[in-house]
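Peer 1: Can you keep this structure in mind? I'll have questions shortly.
The values are calculated or read from the model by the stated rules, or taken from the named source; none is laboratory data. Just so you know, these numbers come straight off a predicted model, no measurement behind them. Cβ sites come from the backbone with ideal geometry, for glycine too, and all protein chains shown count toward neighbours. Please note that ligands, DNA and RNA were not included when accessible areas were found on the heavy atoms of the full protein model with its side chains. Shrake-Rupley method; radii C 1.70, N 1.55, O 1.52, S 1.80 Å.
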Amino acid sequence: MGRVKDKVAIVTGAASATGIGRQISAVLAAEGASVIMTDVDAEAGAKAATDVGRDAIFVEHDVRVEASWQRLMETATGRFGRLDILVNNAGITGAEARETIETISLDAWRAVQAVNVEGVALGCKWAINTMKARNSGSIINISSMAALVATATLPAYGASKAAVRQITQTVAQHCGRQGYRIRCNSIHPGIIDTELVAGAFSDEQLTNLRRSIPSGEFGVPDDVAQAVLFLASDESRYVTGTRLIVDGGATMQ
């Protein structure tokens, strides 16, 4: 207990009852952090923060809007005096089952990039701006195994998550060169049993995906949350620019 005691964390995309963001928030709170949970869904987000309890609060926040990030940082420093951890978790697939590069619309493509790529880039920008005052911090970007393998039925999503990986390395390198003690790492979940995954694949696709995983099962949100906890804690003080794959071995195929 207490692996992130007295630290202040922001977790984006934290409203879903079965989502990764909510479980990340719960784990960080249980380990002693004050957690700011954000989402565009204010009603669900407020309930999620109440359920997490401890020092968790909810702030309505749109990761696509730079002014929203600025206000969020002002809330963090005004309420808690600091920011130690940012988890860029908010993301969308923006897809229907069996979508391909031939059928995707430009609007759908841009919608995914706005949340998954621009949202992460803005989060990194404003977190660095806030964290460098204390010259300390950990930024954790939730990418995907889709960044590492072909995604024929999720072209926009796969491209966006590959971009998240690149942004992560760029941020880690930038902070190192500037002398900031701010680490940045990416986590690459495989198939995690959430509403997001259920809505992105058909039943047939899900069955085939499960069969292809060496562990023989889908992951659960806590598998990702525990990886976040390690990267958020001082246990990983010498880890930056890396990718942590949490996929039951799926990318070995």
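Peer 1: When both residues are 6+ apart or on different chains and their Cβ atoms are under 8 Å apart, which pairs have a first residue that lies in region 67-90 and is on the phi < 0 side of the Ramachandran plot, and a second that is part of a helix (DSSP H, G or I) and open to solvent by 50 Å² or more (accessible area, probe 1.4 Å)?
Peer 2: Pairs that qualify, where the first residue is on the phi < 0 side of the Ramachandran plot and the partner is part of a helix (DSSP H, G or I) and open to solvent by 50 Å² or more (accessible area, probe 1.4 Å), are Trp69/Lys125; Met73/Asn129; Leu83/Thr77.
Peer 1: Next question, about the same structure. What number of residues in region 1-34 are hydrophobic (A, V, I, L, M, F, W, C), outside any loop (DSSP other than H, G, I, E, B) and in contact (Cβ under 8 Å) with a residue 60 or more places away in the chain?
Peer 2: Matching residues across region 1-34 total 9.
Peer 1: Follow-up. Only residues that are open to solvent by less than 30 Å² (accessible area, probe 1.4 Å) and either part of a helix (DSSP H, G or I) or in contact with a His (Cβ under 6 Å, 6 or more places away or on another chain) (or both): list them for region 35-45, please.
Peer 2: Thr38, Gly45
Peer 1: Which residue is surrounded by the fewest Cβ atoms within 10 Å (Cβ to Cβ), if the candidates are limited to region 128-167 and must be closer than 22 Å to Leu229 by Cα and of a type in the set (Ser, Thr, Tyr)?
Peer 2: By that ranking, first place goes to Ser136.
Listed here are the residues, each with its yes/no results for (1) assigned to a loop (DSSP other than H, G, I, E, B); (2) open to solvent by 20 Å² or more (accessible area, probe 1.4 Å); (3) at positive phi.
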{"residue": "Arg211", "(1), (2), (3)": "no, yes, no"}
{"residue": "Gly216", "(1), (2), (3)": "yes, yes, yes"}
{"residue": "Val224", "(1), (2), (3)": "no, no, no"}
{"residue": "Val228", "(1), (2), (3)": "no, no, no"}
{"residue": "Leu231", "(1), (2), (3)": "no, no, no"}
{"residue": "Glu235", "(1), (2), (3)": "no, yes, no"}
{"residue": "Val239", "(1), (2), (3)": "yes, yes, no"}
{"residue": "Gly248", "(1), (2), (3)": "yes, yes, yes"}
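Let's see how each residue does on (1) part of a helix (DSSP H, G or I); (2) in contact with a helix residue (DSSP H, G or I) (Cβ under 9 Å, 6 or more places away or on another chain); (3) at pLDDT 95 or above; (4) open to solvent by 50 Å² or more (accessible area, probe 1.4 Å):
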site: Thr100; (1), (2), (3), (4): no, yes, no, no
site: Asp107; (1), (2), (3), (4): yes, no, no, yes
site: Gln113; (1), (2), (3), (4): yes, yes, yes, no
site: Asn116; (1), (2), (3), (4): yes, yes, yes, no
site: Cys124; (1), (2), (3), (4): yes, yes, yes, no
site: Gln169; (1), (2), (3), (4): yes, no, yes, yes
site: Arg177; (1), (2), (3), (4): yes, no, yes, yes
site: Cys184; (1), (2), (3), (4): no, yes, yes, no
site: His188; (1), (2), (3), (4): no, yes, yes, no
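Peer 1: Name the residue, out of Ser16, Ser25, that is crowded, with 23+ Cβ neighbours inside 10 Å, of a type in the set (Ser, Thr, Tyr) and within 25 Å of Ala147 (Cα to Cα).
Peer 2: Sole residue among the options that is crowded, with 23+ Cβ neighbours inside 10 Å, of a type in the set (Ser, Thr, Tyr) and within 25 Å of Ala147 (Cα to Cα): Ser25.
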